[in-house]
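Engineer: Below you will find the structure I want to go over with you.
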Amino acid sequence: MNRDGLSGLPTAMSRPTAISDHVAGDGELMIELAIPVRCLCAAHHQPYSGHAHIGYLPDNGRIAAPCHMSELVERLCRTPRTQQSLTRKLADTIADFLRPAGAGVLVRAEHSCMNGHGPIVITQTWWGSLSGMAPARRELLRLAHGPWHAMDMNLADGLGEAPGRPGEGRGAG
């Protein structure tokens with residue numbers, strides 16, 4: 001796979017240490033928080049930086065090693081892309097390689113395109129079984145936002161989202 005900065009990723013994600021078939025039980029939400037994001041915005045040609053927060057429900061116990069989630073984010077950030085595109089691409093790639101029952105990706109970043117005092121932008125996507133599980137979404141948002149999580153609880157309760165695979169229904173924060 002040589003598209004969008006993903007060359008070599010299938011090899012990395014398919015290594016025995018990358019995916020384990022016996023560590024997590026089905027129905028246990030796997031959450032990885034504060035994965036650094038540094039990317040060039042394809043729209044404004046200005047950098048944005050922040051963190052990605054990823055949660056997924058393993059299917060048949062398949063999980064990724066934490067270092068490979070960081071590697072995935074780093075590789076996707078090598079190609080200029082909008083934050084919305086990055087969020088969607090992370091979800092698509094997780095779906096392709098891990099085939100979880102559901103997943104949620106949230107990216108919170110500061111954009112430098114606003115004269116040095118860039119806004120904080122939050123993008124998110126929910127799909128599969130996680131799209132219908134408000135408590136799981138709420139937990140990911142609570143952990144990802146820390147003291148700011150209360151302002152985003154309306155998003156976790158279903159505002160602007162629809163179930164489906166990535167690209168079929170996303171809520172934006």
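Quick note: the coordinates plus some simple rules give every number you see, no bench work behind them. For clarity, every value in this text was computed on a predicted model and none was experimentally measured. Glycine gets a Cβ as well: all are built from the backbone with ideal geometry, and neighbour counts include every protein chain shown.
Engineer: Taking other Cβ within 10 Å of each residue's Cβ, how do Tyr56, Tyr48 sort, fewest first?
Structural biologist: Tyr48, Tyr56
Engineer: Around Ala109, under 13 Å between beta carbons, what's the net of Lys plus Arg minus Asp minus Glu among the other residues?
Structural biologist: Net charge around Ala109: +2.
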